[in-house]
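Have a look at the structure below, then the notes.
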Amino acid sequence: MENKKESPEIISSPISYADSNQEFSGNDQFESPLDLSPEQTTATPSVSISMPPSSLDAKRVTFKDKATLVGNDSPGKGDTTLVDTRRVKTPDGLILPVKIPRIHELKDNRYNSFKTWSGGLERQLSTLRGKSLPRVDPTEINTPHKSVAVSADRYFNALEGPELETLRASEVIVLPEDRKWPFLLRFPISAFGMCLGVGSQTVLWKNLALSTSTHFLHISRRVNYALWCISILLFAVVASAYLLKVIFYFEAVRREYYHPIRVNFFFAPWIALLFLAIGVPEDIATTLPHSLWYVLMTPIFCLEIKIYGQWMSGGQRRLSKVANPSNHLSVVGNFVGALLGASMGLKEGPIFFFAVGLAHYTVLFVTLYQRLPTNETLPKELHPVFFLFVAAPSVASLAWAELNGSFGYGSRVAYFIALFLYITLAVRVNFFRGFKFSLAWWAYTFPMTGAANATITYASEVSNIVTKVLSLTLLTIATVTVTGLLITTMIHAFVLRDLFPNDIGIAISEQTPKRQQNWFHRNTCGSTKDIKHQLNSTNSGEEIVQGPISFLEQA
C-alpha cells in the first residue's frame, strides 16, 4: 500500500473494503464504486476509495492486489487504476464541469439587478479574454431585470436626511448589508468633486503667473503646467472609473441620475473640463477653438433644461422640496461657461448662459436662505457644502469682468457678496470640527479657490496693501486646503480603504414594502377557531398565517 502514502487525499475519503473471507450481498451498506465482475470481487481483495465530486480534483481511486486494469485484459501486480470523473459527458457531446453545491450556494445573485443586462456583458468580456465560464443550467439563469425608474416620491419615502442618504427604519435595501459591495457600485458621482478642487487650482496659479498684483511673488508658469497635468491625470482616473460603472452597473448610474439631490453632481464632470480648458498652460495652447466651447456647454444646457424645468413645474422635484446647497453646482456651470466663452472672444453665447445662471442663482439663494421650519438642518458631515454659497458669486464676478474687459462695478458687486459669505462661514468654528472625513470635504476647495482667484483679479484693479494681503491670505488657505485634502483622500483610499462605503441611497427597493399588521394579541382564553378567524381577517397574507395555524393544529 505504498500508493496510499503518496496521495494524502485518501485519509479523509470514505473507504469500502472487501475482504476475501467475507461476502457482500446486494443490500450491504458499502458497495464498490467500480463495476467489477463476481470473479474479481471474490478472488482478489481490493480497496476502493471514492472521492467526493470536486471542480478541482474529483476522481475515483481504486487499489487492487493481483487485479486486472479496468477496461484492459492484461493482468498486473499492484496496479493502481485512476478513474477521472472530473467532467461529465452529456448526450449532445458537451463536457460539463462538476458543480459543487456549496460554492453555488455562496454565489450572491442580488447584484444582478444592478448589472448591465444582468451580467451578460460581463460574461461576453470573460469569453473574449479566453476564460471559459461554467455551463449553467438554463433553469438557473437569471432572467433580465426590467428596472423601473425610481420616482422622487419613492426616494423621499425610503430615505431621510437633507441629502437623502439615510435609510428609514421601515425600509429594506435590495443589496446585502453584511458585506462590502463591488467597488463600482460604491463609487459615487460626487467623486468628481476632487476634479473640481484640483482643476480650479490650475486657473488660480495661471492667474497668479499673469496678474500684475502678484508679480512680486515671481510665480513660475511651470507650477500651472504641473497642476494642469495632475488635473488631467486625476480626471482621467475618476472618469474612467465612473465610465466602467456606466458600462457594468448602468442601473446604479440611472438611480443616481433620478436621485433628487445627487443629480446636481452630473454637472461636475463638465465643469471640471471647463476649468481644464480655462487653465490650459500657454506652452500647450494659446488659443482654443470655438467648437470646444459648444461641445462642453451642450450637456450642461441639456441638464439645465431638465432640472430647471422640474424646479418650476412643481411636483416632488420642485425647488422648495429639493433645495440643498449642492444645487449650486447646477448654477455654477453657467458662470464658468461664460468665463471660458468670453476668454475665447465669444459674446452672445456667454451672455446667454450668464443671464440664465444669474436668474436661477437669485431664486436658489432666496430659497436656501429661507429654509422652511419643516426642512431638516444639515448634519455636521455636510457642513462643507455650505461653502458652495461662495462659489457662484466668485465665478460670476470673474465672468462679468471678462465680458466687460475690466473688473467694473458689476463684477465688484458679485465679488463683495462672495467675500461677505466667505467671512460669514469662516468665523463659524463649529463648521470645521466634529465630523469625520468624507468626499463632502472637497466642497471646501472649489469655493475657496474661486474666492482667491477673484481677490487676485480685484487686487489688480484696486492695488493697495489691503488687497494684496487679502489675496495672499486666501491664496494660502486655498492651496493648503486642496493639498491637505488630496493627501488625506489618498490615505483613506489606498491605506485605510474606507473612502467609498456602501452606497445605501441607490439600493432602495422600487416599490414601497407592505406594512404587516399584528396578527395576534396576548389572549390565553381564546380557542383555536377564534385565533384562526383573527389570522384570516388580517392583511398579512397566507405565508404568515400558515405557520401559527399548523402549530395550533398540532397542539
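Structure data summary
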| quantity | calculated |
| --- | --- |
| Test: residue in the range 338-356 that is part of a helix (DSSP H, G or I) and under 30 Å from the mean Cα position of the chain (by Cα) | no |
| Qualifying position, being part of a helix (DSSP H, G or I), of a type in the set (A, V, I, L, M) and over 30 Å from Pro501 (Cβ atoms), among Val198, Val203 | Val203 |
| Of all residues in the range 165-189 being in a helix (DSSP H, G or I) and either modelled with pLDDT under 90 or farther than 16 Å from Asp498 by Cβ (or both), the one that is most open to solvent (accessible area, probe 1.4 Å) | Leu184 |
| Every residue from the range 224-244 that is within 17 Å of Phe266 (Cα to Cα), open to solvent by 60 Å² or more (accessible area, probe 1.4 Å) and touching a helix residue (DSSP H, G or I) at 6+ places or on another chain (Cβ under 8 Å) | Leu244 |
| Sole residue being within 26 Å of Leu499 (Cα to Cα), modelled with pLDDT under 90 and of a type in the set (S, T, N, Q), chosen from Asn430, Asn375 | Asn430 |
| The range 342-352: number of residues that are within 12 Å of Tyr294 (Cβ to Cβ) and in contact with an Asp or Glu (Cβ under 9 Å, 6 or more places away or on another chain) | 1 |
| Given (1) open to solvent by less than 60 Å² (accessible area, probe 1.4 Å); (2) part of a helix (DSSP H, G or I), index of the condition Val280 fails | (2) |
| Condition met for Val253 (more than 26 Å from the chain's Cα centre (by Cα) and crowded, with 19+ Cβ neighbours inside 10 Å) | no |
| Any chance Ile261 is in contact with a Leu (Cβ under 8 Å, 6 or more places away or on another chain) and either modelled with pLDDT of 95 or more or crowded, with 23+ Cβ neighbours inside 10 Å (or both) | no |
| Subset of the range 283-336 (residues that are among the polar types (S, T, N, Q) and assigned to a loop (DSSP other than H, G, I, E, B)) | Thr286, Thr287, Asn324 |
| Sole residue being among the hydrophobic types (A, V, I, L, M, F, W, C), over 25 Å from Thr212 (Cβ atoms), modelled with pLDDT of 50 or more and open to solvent by less than 50 Å² (accessible area, probe 1.4 Å), chosen from Ala452, Ala459, Ala507 | Ala507 |
| Cross-chain or 6+ apart pairs with Cβ under 7 Å, the range 475-499 first and touching a residue at least 12 places away in the same chain (Cβ under 8 Å), then among the small types (Gly, Ala, Ser) and in a helix (DSSP H, G or I) | Leu475/Ala452; Ala478/Ala452; Val482/Gly197; Leu485/Gly197; Leu499/Ala493 |
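The values are calculated or read from the model by the stated rules, or taken from the named source; none is laboratory data. Fair warning: this is a prediction, and the values are worked out from it, not measured in the lab. Note that each Cβ is placed from the backbone with ideal geometry, even for glycine, and that neighbours are counted across all protein chains shown. Remember, those area values only see protein heavy atoms, side chains included, never the ligands or the DNA or RNA. Shrake-Rupley method; radii C 1.70, N 1.55, O 1.52, S 1.80 Å.
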